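The values are calculated or read from the model by the stated rules, or taken from the named source; none is laboratory data. Quantities reported herein were computed from a predicted structural model and do not represent experimental measurements. Neighbour counts run over all protein chains shown; Cβ positions are idealised from the backbone, glycine included.
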Amino acid sequence: MLEGELSDPRIAPSYVTDVVLAPGGKSARIFVAVHGSEEEEASTLEGLTTARAFIRSQLRDRMGVRHVPELSFAIDRSEKMTGRMDELLGRMRKRDKKRTEASQPIAEPIPKS
């Protein structure tokens with residue numbers, strides 16, 4: 001539904017990463033990952049919030065149920081954070097490797113007598 005049925009230009013290319021249903025099923029939090037900048041994330045969140053009623057009606061029709069929970073949307077930044085953590089860990093490994101190489105004594109050649 002995010003890809004083609006919502007024609008709001010504020011919604012950047014995105015996908016649903018997780019849905020958390022509250023106990024009792026009265027509300028659901030939908031986590032969305034956005035391919036783009038922080039400005040695009042904000043505009044996508046705004047567009048999805050505006051389209052909330054349409055999305056609920058579409059879910060009701062497609063699922064054939066009487067009640068669809070209230071929807072709230074949140075940006076999922078876990079993939080970006082994972083990438084950043086991988087980058088930082090790589091830097092740490094590289095720095096540790098340089099330190100161990102620098103701390104190893106250099107073998108001096110034994111002079112011939």
Practice prompt. With respect to Thr82, determine if the residue is surrounded by 11 or more Cβ atoms within 10 Å (Cβ to Cβ) and out of contact with any helix residue (DSSP H, G or I) (no Cβ under 8 Å at 6 or more places or on another chain).
Written response: no
Worksheet item: Counting only residues that are modelled with pLDDT under 90 and touching a strand residue (DSSP E or B) at 6+ places or on another chain (Cβ under 6 Å), how many does segment 19-33 have?
Response: 0
Worksheet entry | Residues (free of Cβ contacts under 8 Å to residues at least 24 places away in the same chain and surrounded by 12 or more Cβ atoms within 10 Å (Cβ to Cβ)) located in segment 20-41 | His35
